[in-house]
1. Going residue by residue through segment B:100-112, is there one that turns out to be under 22 Å from A:Trp34 (Cα atoms), open to solvent by 70 Å² or more (accessible area, probe 1.4 Å) and in contact (Cβ under 8 Å) with a residue 24 or more places away in the chain?
2. Working only within segment B:48-66, note down all residues that are in contact with a Pro (Cβ under 7 Å, 6 or more places away or on another chain) and under 24 Å from B:Val12 (Cβ atoms).
3. So A:Gly28 fits all but one of (1) within 11 Å of chain B (Cβ to nearest Cβ); (2) buried (at least 21 other Cβ atoms within 10 Å of the Cβ); what number is the exception?
4. Just for strands (runs of 3 or more DSSP E) wholly inside segment B:1-43: which have at least 1 residues that are within 14 Å of the chain's Cα centre (by Cα) and closer than 17 Å to B:Gln80 by Cα?
5. Return only the number of the condition from (1) within 14 Å of chain A (Cβ to nearest Cβ); (2) part of a strand (DSSP E or B); (3) open to solvent by less than 60 Å² (accessible area, probe 1.4 Å) that B:Met60 does not satisfy.
6. Consider A:Leu87 against the criteria (1) within 14 Å of another protein chain (Cβ to nearest Cβ); (2) part of a strand (DSSP E or B); (3) surrounded by fewer than 20 Cβ atoms within 10 Å (Cβ to Cβ); (4) touching a residue at least 40 places away in the same chain (Cβ under 8 Å): it satisfies all of them except one. Which criterion is unmet?
Amino acid sequence: GQNIDQPTEMTATEGAIVQINCTYQTSGFNGLFWYQQHAGEAPTFLSYNVLDGLEEKGRFSSFLSRSKGYSYLLLKELQMKDSASYLCAALSGNTPLVFGKGTRLSVIA
Amino acid sequence: DAGVIQSPRHEVTEMGQEVTLRCKPISGHNSLFWYRQTMMRGLELLIYFNNNVPIDDSGMPEDRFSAKMPNASFSTLKIQPSEPRDSAVYFCASSLIRGQGALGNQPQHFGDGTRLSIL
């Protein structure tokens, strides 16, 4: 089976940097996705990592370490609109995505 | 471009009634996924289709749930009879999977969801 863990909630200050961690246990690992979900809305795709290292996309970056089964999403220059849930999801072999329960991020002034 | 379209957006009905949720995937996508999201269990995959064929329905809770995809542009998820514990947000997502076998690294695009309340 697969197991994905991420913190339930985090709080950070506007303008700061926050790192949301995700650990996964899966066989036949084939990549890791991050999605953003605002309250009452659909999840939207943020990033995909399959190789070790950091992928940067504007204020958002995602890191992967395959050997450690670990990923993080880094959000810089936080804005109030970044308050949302962030879902980590692992792709394994020929099975569909398995999502973590999400980390609810609150950005405060 | 039109995204994934789901209907209805909200549904409130009494237990025992039949509920039908509808989904139109993004044109050109060949895979469609039905998810259920609750606070307790997060986002759970119920079933997915590839080229209109159900591939994995192991997430379907029980026989009261059924899903169909009669063509590439339409899918339904039906609950009959409905129960209060079925109350959740149901999402449909689609993606384009290239190549045979592997699910690939193409992101899934989600519809706005159907918020279902069974009284």
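The values are calculated or read from the model by the stated rules, or taken from the named source; none is laboratory data. Just so we're clear, the structure is a prediction, and the values are computed from it rather than from any experiment. Glycine also receives a Cβ, built like all others from the backbone with ideal geometry; neighbour counts cover every protein chain displayed. Side chains included, ligands, DNA and RNA excluded: accessible areas come from the protein's heavy atoms. Shrake-Rupley method; radii C 1.70, N 1.55, O 1.52, S 1.80 Å.
1. The answer is yes, given that some residue of segment B:100-112 is under 22 Å from A:Trp34 (Cα atoms), open to solvent by 70 Å² or more (accessible area, probe 1.4 Å) and in contact (Cβ under 8 Å) with a residue 24 or more places away in the chain.
2. Passing the criteria: only B:Arg64.
3. A:Gly28 satisfies all of (1) within 11 Å of chain B (Cβ to nearest Cβ); (2) buried (at least 21 other Cβ atoms within 10 Å of the Cβ) except (2).
4. Hits in segment B:1-43: B:19-24, B:31-38.
5. Unmet condition: (2).
6. Among (1) within 14 Å of another protein chain (Cβ to nearest Cβ); (2) part of a strand (DSSP E or B); (3) surrounded by fewer than 20 Cβ atoms within 10 Å (Cβ to Cβ); (4) touching a residue at least 40 places away in the same chain (Cβ under 8 Å), the lone unmet condition for A:Leu87 is (3).
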